[in-house]
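What follows is a set of notes on a single structure, which appears directly below.
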Amino acid sequence: MAMFDRAAEAYDRHAADSAYNAHYDRPAMLELLGDVSGLSLLDAGCGSGLYAAELLARGASVVGVDASSELIRLARRRAPAAEFHVQPLEKPLAWAAEASFDRILMALVLHHLHYPVDVLREMHRVLRDDGRLLISTGHPTDDWRRHGGSYFATERIEETWSMGVQTSYRRAPLSTLVDEFGRAGFVVEKLVEPRPTPAMEEKYPAAHEKLSRVPAFIAFQLMKHPGSLR
């Protein structure tokens, strides 16, 4: 996203080896993706290319898209064999044909979107009928635990992250997320509440202890609803 432009280098350094990115989200999502060798993969909200580089190494062909030109610059440097586009996800992917991807990855992107159903419908359009959409986002109970109020509230939160990024994201209950998946033509095939990796215990013991008790993220494997297929 464009809000990352001013702190792209700092964000990249943080995400490369942070507890929550490198030892929590990425391992869970890569396990959920499984064997990607020979598959065509869209990394939607690709950031600085950390996923893209790993997926290329695992034999996928990768197309990345992100609203931040600075993060895309870093992604192109990290994963030169991938194809990258600079644009917000909330605009149509005019360069992508219908049913052109076997897998779509949206890692820690959904909660930043203002129009998530529109974006999910576009993902539905470019995903093959037997493909899968993999999403990770903030766990609704974590947002509730940190911000209080009603668990069932849907509202935007403004925060400044440690690397100086001023960010905005949405908190919403699990029922809202699943309803939006359905409105876009998807059903949940698998739900994962990640656990911290053993490597996190050595490097980030406090985060490991916390994430072993309470989840921070939640991940979904979505497939097209049979009634939405062409």
_Being over 16 Å from Val109 (Cα atoms) and in contact (Cβ under 8 Å) with a residue 24 or more places away in the chain narrows it down to one residue among Leu33, Leu42; which is it?_
Leu33
*asked:* I'm trying to understand the selection: among the residues of region 37-56, which are assigned to a strand (DSSP E or B) and among the small types (Gly, Ala, Ser)?
replied: Ser40, Ala44
*Given the structure, is Gly59 surrounded by fewer than 24 Cβ atoms within 10 Å (Cβ to Cβ), not aliphatic (A, V, I, L, M) and not in a helix (DSSP H, G or I)?*
yes
_Among the residues in region 165-187, are any out of contact with any Phe, Trp or Tyr (no Cβ under 8 Å at 6 or more places or on another chain), in a strand (DSSP E or B) and β-branched (Val, Ile, Thr)?_
no
*Would you please name the residue that is farthest from Asp129 (Cα to Cα), looking only at residues in region 186-230 that are buried (at least 19 other Cβ atoms within 10 Å of the Cβ) and of a type in the set (Gly, Ala, Ser)?*
Ala216
*Looking at Val126, is it at pLDDT 95 or above, within 14 Å of Ala44 (Cα to Cα) and in contact with a strand residue (DSSP E or B) (Cβ under 6 Å, 6 or more places away or on another chain)?*
yes
*Just one of (1) modelled with pLDDT of 95 or more; (2) crowded, with 18+ Cβ neighbours inside 10 Å; (3) farther than 22 Å from Asp5 by Cβ trips up Arg121, so point out which.*
(2)
*Hey, Gly64 hits all of (1) in contact with a helix residue (DSSP H, G or I) (Cβ under 8 Å, 6 or more places away or on another chain); (2) more than 24 Å from Pro140 (Cα to Cα); (3) surrounded by fewer than 23 Cβ atoms within 10 Å (Cβ to Cβ) but one; which does it fall short on?*
(3)
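The values are calculated or read from the model by the stated rules, or taken from the named source; none is laboratory data. Since the structure is predicted, the reported quantities are computational estimates derived from the model, not experimental observations. Positions of Cβ are backbone-derived with ideal geometry, glycine not excepted, and every protein chain shown enters the neighbour counts.
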